[in-house]
Amino acid sequence: MIILDRVKDIVVKFTKNNIKLAIAESCTGGYISNAITNISGASKVFERGIICYSNNSKIDLLNVDLESINQHGAVSYTVAKQLAHNIRVLSNVDIGIGITGIAGPTGGTPEKPVGLVYIGFSTIDKSLVEKHQFDADRITFKVKILEKTLLVLQNFIK
């Protein structure tokens, strides 16, 4: 199934089940939101997408704790979890998604190499943060994150 077919399937299932979502994107720069809004009817399930590329935007727009960024870094399990939770609560939706990573080719360190990404998911009942490492150029990196995000969303409702 090609990506847009997968997105359409999610939009249809979420519409049928009255599930709404919102996304806080850092390293993907709106790529996930763009894929969703390419589908007619997405407005029934997609409340908002916020690009929070800088640390200040994570703090100012999504109430990420400065101390978490200072202690763990913007690319971390903790920040992805806060992004997902806070976008869900601030948007009053069923699912919040928070994405933070290092697209490269610069910006990596031995502890946090280029291609590292954390994808957080938050519902009222639980949270999940996936850690992935992709060896890819910037665009392929975004595509791989989209694929991982869609996989979790597809499995949200069978």
* Structure fact -> Looking across the stretch 43-52 at residues that are of a type outside the set (A, V, I, L, M, F, W, C) and touching a strand residue (DSSP E or B) at 6+ places or on another chain (Cβ under 8 Å), the single one that is farthest from F14 (Cα to Cα) is G49
* To do: Output the number of residues of the stretch 6-21 satisfying the condition of being touching a residue at least 60 places away in the same chain (Cβ under 8 Å) and either in contact with a Lys or Arg (Cβ under 8 Å, 6 or more places away or on another chain) or more than 21 Å from F141 (Cα to Cα) (or both).
  => 8
* Check D94, D60 and return the single one that is over 12 Å from the mean Cα position of the chain (by Cα) and surrounded by fewer than 17 Cβ atoms within 10 Å (Cβ to Cβ). => D60
* Asked: Among the residues of the stretch 22-33, is there at least one that is without any contact (Cβ under 8 Å) to a residue 60 or more places away in the chain and not in a loop (DSSP other than H, G, I, E, B)?
  -> yes
* **Qualifying positions in the stretch 113-147 - assigned to a helix (DSSP H, G or I) and either more than 13 Å from the chain's Cα centre (by Cα) or farther than 18 Å from V79 by Cα (or both)** => R138, I139, T140, F141, K142, V143, K144, L146, E147
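Values in this text are rule-based calculations from the coordinates and carry no lab data. None of the values given here were measured: they were computed from a predicted structure. FYI the Cβ positions are ideal-geometry reconstructions off the backbone, even for glycines, and counts take in every protein chain you see.
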